[in-house]
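One structure is given here, and the rest of the page talks about it.
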Amino acid sequence: MNNTTPTIPVIAIDGPSASGKGSVAELVAEQLGFHYLDSGAIYRIVAYASQLQHIVWSDAEAIAKLTTQLNIEFSHGNIMLNGSNITAEVRSEEMGRGASEVAVHPTVRDALLDLQKQFRQSPGLVGDGRDMASVVFPDAALKIFLTADVEIRAQRRYQQLHNRGADAKYETILQDLQVRDLRDSQRSAAPLKQMPDALLLDTSDRSIQQAVDFVLDAYQKSLHSYKKI
Ligand code: C5P
């Protein structure tokens, strides 16, 4: 991956945990034939790799150093670290928490910047995360802030875990999301926030397909106008 020319279009989709932005971003990428960057997975991998090395999530310096030694690969829906498939481990609630703890460190965020930019490949990229529009791809062709009420997000996450056979409690999930929302939006480095030039997409009352259609429609409109909608 070496073609990072700014003319390659990027659709940046930011939003809080469990808002459905990952599913929406992946489907939009599929429809447009674009590449897809799940930046949250990168922070989760870093949390997981730190734990493997017995590095505590508060140790910014050691974690930033560790990021330079990671061989990360996304392959057919699997997450590979140094050749091992760690998809299930990385998708756990524990690593969601760990990701949000390692993500507060500016040095760690800086260390991961180039890696994320390398995903900008022709014919285009859909990136989802917290700072796609603000930091990683500020020149994105389209910026979406995708959110939903926290109770609805907790309910969706509960259903998802329940379907996977996991033993999850709605109250615990809700509390966890509230803590993560607060940490993600109040940190000083790249806090989660809607950029002035981003479109708000509230999925509380929308299906995934309706959200996908909204993004595709907005992208088509953005192609006809230099001005962001
Ligand atoms: O999106 P996901 O829930 O997998 O992200 C896990 C955590 O990683 C988030 O709670 C957030 O703290 C962090 N993150 C971030 N910046 C991104 C993507 C994720 O800080 N671009």
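Does Arg206 satisfy being within 15 Å of the ligand (Cβ to nearest atom) and either modelled with pLDDT under 95 or not hydrophobic (A, V, I, L, M, F, W, C) (or both)? Break it down into steps so the answer makes sense when it comes.
On the way: within 15 Å of the ligand (Cβ to nearest atom): no; either modelled with pLDDT under 95 or not hydrophobic (A, V, I, L, M, F, W, C) (or both): yes.
Against the criterion (within 15 Å of the ligand (Cβ to nearest atom) and either modelled with pLDDT under 95 or not hydrophobic (A, V, I, L, M, F, W, C) (or both)), Arg206 does not qualify.
Evaluating Ser92 against the criteria (1) within 15 Å of the ligand (Cβ to nearest atom); (2) in contact (Cβ under 8 Å) with a residue 12 or more places away in the chain; (3) open to solvent by 30 Å² or more (accessible area, probe 1.4 Å) leaves one unmet condition, (2). Within segment 99-117, restricting attention to residues that are open to solvent by less than 40 Å² (accessible area, probe 1.4 Å) and either small (Gly, Ala, Ser) or more than 12 Å from the ligand (Cβ to nearest atom) (or both), the residue that is modelled with the lowest pLDDT is Ser100.
Out of Ile72, Ile13, one residue alone is buried (at least 22 other Cβ atoms within 10 Å of the Cβ), of a type in the set (Val, Ile, Thr) and under 19 Å from the mean Cα position of the chain (by Cα). It is Ile13. Scanning segment 75-89 for residues that are surrounded by fewer than 16 Cβ atoms within 10 Å (Cβ to Cβ) and within 16 Å of the ligand (Cβ to nearest atom) yields a count of 4. Taken together, the criteria place Asn3 among residues that are modelled with pLDDT under 95, farther than 26 Å from Gln194 by Cβ and not small (Gly, Ala, Ser). Residues in segment 138-187 that are at pLDDT 90 or above and of a type in the set (Gly, Ala, Ser) were compared, and the one that is farthest from Glu26 (Cα to Cα) is Ser185.
Contact map, segment 69-81: residues that are touching a residue at least 40 places away in the same chain (Cβ under 8 Å) paired with residues that are surrounded by 10 or more Cβ atoms within 10 Å (Cβ to Cβ), Cβ distance under 6 Å, separation 6+ or inter-chain. Pairs shown: Ile72/Ile45.
Among the numbered conditions (1) under 19 Å from the mean Cα position of the chain (by Cα); (2) within 16 Å of the ligand (Cβ to nearest atom), the only one that Ala168 does not meet is (1).
The values are calculated or read from the model by the stated rules, or taken from the named source; none is laboratory data. Keep in mind that what you see is a predicted model, and the values were worked out from it rather than measured. Cβ coordinates were reconstructed from backbone atoms using ideal geometry, including for glycine residues, and neighbour counts include every protein chain displayed. With ligands, DNA and RNA removed, areas are computed over all heavy atoms of the protein, side chains included. Shrake-Rupley method; radii C 1.70, N 1.55, O 1.52, S 1.80 Å.
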